[in-house]
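**Q** The structure follows.
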Amino acid sequence: QTASLLAVKVQRPAPDFKGLAVVGNDFQEIKLADFRGKYLVLFFYPLDFTFVCPTEIIAFSERIEEFKKLNAEVVGVSVDSHFSHLVWCNSDRKDGGLGGLSYPLLSDLTKKISSDYDVLLDNEGISLRGTFIIDPNGIVRQYSINDLPVGRSVDEVLRLIKAFQFVDEHGEVCPANWHPDKNPDTIKPDVADSKEYFKKHG
């Protein structure tokens, strides 16, 4: 079970955090306020040097320029120490390492951040695969939590950020399976105007 129930809520401020992270080859303290004015993807994973985790972390790293084009940053978090993060970052990918990383890996050795974000498994002392999209005002817009065996989709995280940015800018709403390139039609949130969408897709 997680440490607390539903402390994190969509449309509410994200829980504050700060801690030591590996940034490049250095240790640096980072905090939530550092990302004010940008979208932040804060994702939790169970442990360094495991099996699914490097595939996710590398997948985010390989797409980091797409996030930056959306004014978004990515931070990974686990309960490992910053020293463990550094060794893992510098280990070869052929050996299960990360082979370098283009965004920070944050240490949550005290487990406080994982607990505050409701992803900590108390008995195991590790985090579930939680993903939190936090907007430029520090508000949680979306979160999802996977069980340990299943990795997450970077494509879906990017799609969600694009969707939130679109509705914030245009005041329209995004229907199921909305995609800016493949399925770009949106709905005007008005009884009369919405008929335009439903006539086309009904």
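**Q** Of the conditions (1) in contact with an Asp or Glu (Cβ under 9 Å, 6 or more places away or on another chain); (2) of a type outside the set (Val, Ile, Thr); (3) over 16 Å from PHE132 (Cα atoms); (4) in a helix (DSSP H, G or I), LYS94 satisfies every one except a single condition; which number is it?
**A** It fails just one condition, (1).
**Q** I'd like to check something: does region 82-103 contain any residue that is under 14 Å from the mean Cα position of the chain (by Cα) and at pLDDT 95 or above?
**A** No.
**Q** In this structure, is THR55 in a loop (DSSP other than H, G, I, E, B) and either under 23 Å from ILE145 (Cα atoms) or of a type in the set (Ser, Thr, Tyr) (or both)?
**A** For THR55, the condition - in a loop (DSSP other than H, G, I, E, B) and either under 23 Å from ILE145 (Cα atoms) or of a type in the set (Ser, Thr, Tyr) (or both) - is not met.
**Q** Could you list, in sequence order, all residues of region 26-52 that are in a loop (DSSP other than H, G, I, E, B) and of a type outside the set (S, T, N, Q)?
**A** ARG36, GLY37, LYS38, TYR45, PRO46, LEU47, ASP48, PHE49, PHE51, VAL52
The values are calculated or read from the model by the stated rules, or taken from the named source; none is laboratory data. The structure displayed is predicted, hence computed values, not measured ones. Neighbour counts run over all protein chains shown; Cβ positions are idealised from the backbone, glycine included.
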